[in-house]
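Trainee: Let me give you the structure first, and then I'll get to my questions.
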Amino acid sequence: MDVLYFAWVRERIGLPREQVESQATTVAELIEELRGREERYALAFSDLTALRVAVDQELTDFDAPLQGAREVAFFPPMTGG
Amino acid sequence: MRVLVQEAPFDLAEETARFAKGEGGSGAIVTFTGVVRDNGAGTLSAMEIEHYPGMTEKALCEIAEQAMARFELQDALVIHRYGRLVPGEQIMMVASAARHRRSAFEAAEFLMDYLKSRAPFWKREITAEGEAWVAAKDEDEAALERW
């Protein structure tokens, strides 16, 4: 699946998007896998209360399932308007 | 209903006139425009707005559709810019057309409340001292409870 990062999450990880091969069945499991990769991921995902997630461009929760998901995006709370 | 996500400036007078021409049955048209405000210290040189192409359009359409149904609008318009903007520039506008004033005002507030914390935009302030992401405010999240 494609994993996208926005705003300071993108800056901390150093990438706007990447292709991730994962067996994770939920967003929370995917986060655990990413955290285990490198320090920059652990840092970006250190405080989940500061993060939001969208699966296939729909806002959702960290316990959301990933079956069939093509795109998962992580970002801070939005500041539009 | 019209939703635009664009880098280019928009002409407020032109957009408002076009919107107002659309519907004969509307007795009330409300427009709101957001403008890049200088920070307290007067040192803001620019505001950079990042967004999530694809999701942004989808989220704004869903919010506008909800407003259309909930307030029985005749029409709704949302324009939101991204990219680098300087103080005084227009960031976004919403417009609502309803049969009566109360619905039109409430719909404009609903659109604003939702697009502030449910549309994937992130603002970054560029000042003489450096750059910083604008943090979301608890009151913006709390504003959704009203609806």
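The values are calculated or read from the model by the stated rules, or taken from the named source; none is laboratory data. Quick caveat, the model's predicted, so the values are computed rather than measured. For neighbour counting, all protein chains shown are included, and Cβ atoms are generated from backbone atoms with ideal geometry for every residue, glycine included. Just the protein is used for accessible areas: all its heavy atoms, side chains included, with ligands, DNA and RNA removed. Shrake-Rupley method; radii C 1.70, N 1.55, O 1.52, S 1.80 Å.
Trainee: Where only protein heavy atoms count, and the probe is 1.4 Å, what is the accessible area per residue for chain B in Å²?
Mentor: 50
Trainee: What area, in nm² and to one decimal, does the C-alpha convex hull of region B:18-147 cast on average over all directions?
Mentor: Mean orientational projected area (region B:18-147, Cα hull): 8.4 nm².
Trainee: Something else now. Could you tell me the calculated FRET efficiency between B:E7 and B:A135, based on Cβ-Cβ distance and R0 = 22 angstrom, to the nearest 0.05?
Mentor: Efficiency at R0 = 22 Å is approximately 0.35.
Trainee: Here is a follow-up. Give the carbon-plus-sulfur fraction of the accessible surface of chain A in %, rounded to a whole number; probe 1.4 Å, heavy atoms of protein chains only.
Mentor: About 48 percent, which is the carbon plus sulfur part of the accessible surface.
Trainee: Looking only at other chains, what is the average number of their beta-carbon atoms within 10 angstrom of each beta-carbon in B:57-68?
Mentor: Numbers: counts 1, 4, 6, 1, 0, 1, 0, 0, 0, 0, 0, 0.
Mean number of neighbouring Cβ atoms from other chains: 1.
Trainee: Now for a different question. Only Cα pairs under 8 Å and at least 6 apart count here; give the relative contact order of chain A as a rounded whole percent. Don't skip to the end; give the middle numbers.
Mentor: Working: 131 pairs, mean separation 31.1, N = 81.
Dividing the mean separation by the residue count of chain A yields 38 percent.
Trainee: Something else: Provide a whole-number value for the mean count of partner chain Cβ atoms within 10 Å of the Cβ atoms in peptide A:16-24.
Mentor: That average works out to 0.
Trainee: Expressed as a fraction of 2.2 N^0.38 Å, the rule-of-thumb size for a compact globular protein of N residues, what is the C-alpha radius of gyration of the protein assembly as shown?
Mentor: Details: Rg = 19.0 Å, N = 228, 2.2 N^0.38 = 17.3 Å.
Rounded to two decimals, the normalised Rg is 1.10.
Trainee: Mind checking the dipole of region A:11-66: about its Cα centre, +1 per Lys or Arg Cβ, -1 per Asp or Glu Cβ, Debye to the nearest 20?
Mentor: Its charge dipole is roughly 200 debye.
Trainee: Also: Given a 1.4 Å probe and no ligands, DNA or RNA in the count, how much accessible surface is buried by A and B, both sides, to the nearest 100 Å²?
Mentor: Adding both sides of the contact gives about 1900 Å².
Trainee: Can I ask one more? Sequence neighbours fewer than 8 away in the same chain don't count; with that in mind, list the lysines whose C-alpha is under 16 Å from B:K116.
Mentor: B:K58, B:K137
Trainee: Give me the Debye-computed log₁₀ of I(q)/I(0) at q = 0.16, 0.19, 0.22, 0.32 Å⁻¹ for region B:72-120, equal point scatterers on Cα only, no solvent, two decimals.
Mentor: Per q value, in the given order, log10 I(q)/I(0) is -0.51, -0.67, -0.81, -1.19.
Trainee: With unit charges on the beta carbon (Lys/Arg positive, Asp/Glu negative), name the residue among B:A132, B:S117, B:S26 whose Cα is farthest towards the positive pole of the charge dipole of chain B.
Mentor: Going by the Cα projections, it comes out as B:S26.
Trainee: With n ≥ 4 as the cut-off for DSSP H runs, can you work out [θ] at 222 nm for the protein assembly as shown, using -39500 (n - 2.57) per run divided by the number of residues, rounded to the nearest 500?
Mentor: It comes out at -9500 deg cm²/dmol, rounded to the nearest 500.
Trainee: If I model a spin label as a point 7 Å beyond the Cα along the Cα-Cβ vector, how far apart are those points for A:T25 and A:R70 in nm?
Mentor: Distance between label points: 2.4 nm.
Trainee: Check every DSSP H run in chain B and write down those whose alpha carbon atoms cover 15 angstrom or more along the long axis and whose mean Kyte-Doolittle hydropathy is -0.5 or greater. Working shown, then result.
Mentor: Numbers: long enough: B:12-22 (16 Å, -0.41); B:55-70 (22 Å, -0.08); B:101-118 (25 Å, -0.57).
Helices meeting the criterion: B:12-22, B:55-70.
Trainee: Under 14 Å from the Cβ of B:R102, count the other residues' Cβ atoms, weight Lys and Arg +1, Asp and Glu -1, and hand me the total.
Mentor: Residues near B:R102 contribute 0 overall.
Trainee: May I ask for the net charge around A:Q23, where only other residues with Cβ less than 13 Å from the Cβ of A:Q23 are counted and Lys, Arg are +1 while Asp, Glu are -1?
Mentor: Once positives and negatives cancel, what remains is -4.
Trainee: Ok, one more. Among B:V35, B:F105, B:L4, which residue has its Cα furthest toward the positive end of the charge dipole of the protein assembly as shown, with +1 on Lys/Arg Cβ and -1 on Asp/Glu Cβ?
Mentor: Positive-end residue among those listed: B:F105.
Trainee: Quick one: which bits of region A:54-74 get at least 50 Å² less accessible when the partner protein chains are in, versus the chain alone, with a 1.4 Å probe?
Mentor: Buried-area filter returns A:Q57.
Trainee: Related question: Shielding by partners for B:135-145, please: the mean number of other protein chain Cβ atoms within 10 Å of each residue's Cβ.
Mentor: 2
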